[in-house]
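Written below as structure tokens is the structure these notes are about.
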Amino acid sequence: MATSRQISRQILPLLAAFAVAAAGDCAAQSLFQEQELPNPGNTPSPVFPVPTERQMQWYETEFYGFSHYGPNTFVGTEWGNDRPSDPTEFAPAALPDCQQWVDAMAAAGMRGAVIISKHHDGFCLWPTGSTEFNVLHGAGVSKEVNILKQFADACRANGMKFGVYVSPWDASSPLYATDAYVTDVLLKQITEICTGYGPMFEIWFDGAMGGGGYYGGSEMQNRTIDKTVYYDWENVADSIHKMQPGCVVWGREFRWCGNEDGFSGRTCWANFNSKEVFIEQQNNTGVEDGLLFIPSESDVRTTSKWFWTAEEKAKTPEQLFKIYLETIGRNSTLIMNCAPDDKGKMPDNVVESLKGLGKLLDERLAKDFAAGRHATADKVRTPGNFGADNVTDGCKDTYWTTNDGDTSGSVTIDLKRRRGIHYVMLQEYIRLGQRVRAFDIETSIDGRDWQPFAEGTTIGYKRIMAKDDNTDSYGEATEARYVRVNIRDSHTCPLLHTISIY
Ligand code: FUL
């Protein structure tokens, strides 16, 4: 595939030839006149594509929970499309305690939570006007509670962001795969959700479609749909933004990372090329020359299933920590499923693992040795405020960079004394586009002899590097007083806003 540089090499001579040919024509000449735009701060030009403000807010949420809860919880199934729809399968004996769910997520360090409002079986956890297959017609105490509202309130009580998953595929609806399903069922549900429960940060539209499987034009109830036209997502997304200006839309403003096992590519571009096609490998790595800004979100389970079953074992805190490093530490966000049980509680084993993860994050990634320390660079953009100290000043709006055209450069941080180093965290100033293509990190005890620590490709919003990029174990610390980050290659000048050392 041609790179953007190759493409511009091909296109530029053509543009120049056109400009010469048009030179006699005044109108055409003014069209090509170079305009000097005022840029008193000497701010580097963006490298497109760049994120919207809404996407930035989402990126900064980083880590959030996912709650699969519904009839499947009581029957022990994952999809619920294997039997006739029966609302009384949803039979909580006690009121679900959403506050306890969300508290458990907060203990792991999550900053938001996404609830399954309707899974593939079509059962709605709120009293919707779109179908009778909802909580009001369930058994047990279910009629007494609007679970969506309880969950939204619990998130707000914890200062966490609130998001919603809605399955477009609906095995309960006789209208599914007709136009009436989209207008009278799905859009009605989306509207109720987006107008009834306060601000949302994300809405998830699962790609599963039943029948033959995921993400294809598979068959459901003997009717075939082409999902690229059936839902008219472009317009649905516009309408969602009118109701929920801060809410990013799945598949359009962020992408599925291509697996459900909690890892992103070591190379992971936010850049992407398609809102409709899913190619697992591309979803995992992004596309360097992609024209659209659609960053990666990794979804993963704390157990082995999405819905609770009694036999489930929870992943250990160490396993969850590794997932954290391989998702958030690789320019992706992390949505971690924590499934409540049939008593309406987050099960003890999941609560313990989440607590354990929160503890590991506090122990390993909270005390930044680099904060406020002096940093120097071999190259600094001039004029302007682009010095190396910007990477340790704790401010995400100031950054170190080089002059235009300088695609490499090194930043050295003096930690003032020897430290045992486990991780180096790098953040690009991604508001102006993802740029870095290759980097390495070195450490030194005396500032003269340097040892390799790790090397990588892309950085993006956040990249966390362990020694040799090995995420398998916490391992031994590397003793050093100095840390040097060498940007080896970048699409034009690299922009780093933070380097943290743990
Ligand atoms: C998948 C679904 O089919 C699973 O049941 C689960 O909801 C997961 C998050 O997405 O596509």
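The values are calculated or read from the model by the stated rules, or taken from the named source; none is laboratory data. Here the structure is a predicted model, which means the values were calculated and not measured. For neighbour counting, all protein chains shown are included, and Cβ atoms are generated from backbone atoms with ideal geometry for every residue, glycine included.
The table below gives the values:
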| item | result |
| --- | --- |
| Flag for residue 374 being farther than 25 Å from residue 288 by Cβ, within 30 Å of the chain's Cα centre (by Cα) and either crowded, with 19+ Cβ neighbours inside 10 Å or not acidic (Asp, Glu) (or both) | no |
| Filter result for residue 315 (basic (Lys, Arg), modelled with pLDDT of 95 or more, part of a loop (DSSP other than H, G, I, E, B) and assigned by TED's automatic domain parsing to the domain that holds residue 207) | yes |
| Any hit, segment 302-309, residues being in a loop (DSSP other than H, G, I, E, B), surrounded by fewer than 22 Cβ atoms within 10 Å (Cβ to Cβ), touching a Pro at 6+ places or on another chain (Cβ under 8 Å) and not assigned by TED's automatic domain parsing to the domain that holds residue 459 | no |
| Failed item, numbered, when residue 75 is tested on (1) within 13 Å of the ligand (Cβ to nearest atom); (2) free of Cβ contacts under 8 Å to residues at least 24 places away in the same chain | (1) |
| Count of residues meeting criterion [out of contact with any Ser or Thr (no Cβ under 7 Å at 6 or more places or on another chain) and touching a residue at least 40 places away in the same chain (Cβ under 8 Å)] in segment 435-448 | 5 |
| Hits in segment 88-111 (condition: surrounded by fewer than 24 Cβ atoms within 10 Å (Cβ to Cβ) and among the small types (Gly, Ala, Ser)) | 91, 93, 94, 106, 107, 109 |
| Qualifying residues in segment 148-200 (those that are assigned to a loop (DSSP other than H, G, I, E, B) and touching a Phe, Trp or Tyr at 6+ places or on another chain (Cβ under 6 Å)) - the one farthest from the ligand (Cβ to nearest atom) | 175 |
| Flag for residue 45 being modelled with pLDDT under 95 and not assigned by TED's automatic domain parsing to the domain that holds residue 297 | no |
| Tally, over segment 203-237, of residues that are within 13 Å of the ligand (Cβ to nearest atom) and modelled with pLDDT of 90 or more | 2 |
| Per-region count, segment 267-301, residues assigned to a loop (DSSP other than H, G, I, E, B) and either surrounded by 22 or more Cβ atoms within 10 Å (Cβ to Cβ) or not basic (Lys, Arg) (or both) | 18 |
| Segments classed as strands (runs of 3 or more DSSP E), wholly inside segment 402-502, with at least 3 members that are not hydrophobic (A, V, I, L, M, F, W, C) | 409-421, 423-428, 436-444, 451-456, 478-490, 495-501 |
| Residue in segment 437-447 that is touching a Gly at 6+ places or on another chain (Cβ under 8 Å), over 21 Å from residue 42 (Cβ atoms), surrounded by 15 or more Cβ atoms within 10 Å (Cβ to Cβ) and among the small types (Gly, Ala, Ser) present | yes |
| Subset of segment 289-327 that is touching a helix residue (DSSP H, G or I) at 6+ places or on another chain (Cβ under 8 Å) and of a type in the set (A, V, I, L, M) - its residue that is farthest from residue 113 (Cα to Cα) | 314 |
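Conditions (1) assigned to a helix (DSSP H, G or I); (2) at pLDDT below 95; (3) within 16 Å of the ligand (Cβ to nearest atom), marked per residue:
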{"residue": "81", "(1), (2), (3)": "no, yes, yes"}
{"residue": "88", "(1), (2), (3)": "yes, no, no"}
{"residue": "100", "(1), (2), (3)": "yes, no, no"}
{"residue": "103", "(1), (2), (3)": "yes, no, no"}
{"residue": "106", "(1), (2), (3)": "yes, no, no"}
{"residue": "114", "(1), (2), (3)": "no, no, yes"}
{"residue": "120", "(1), (2), (3)": "no, yes, yes"}
{"residue": "128", "(1), (2), (3)": "no, no, no"}
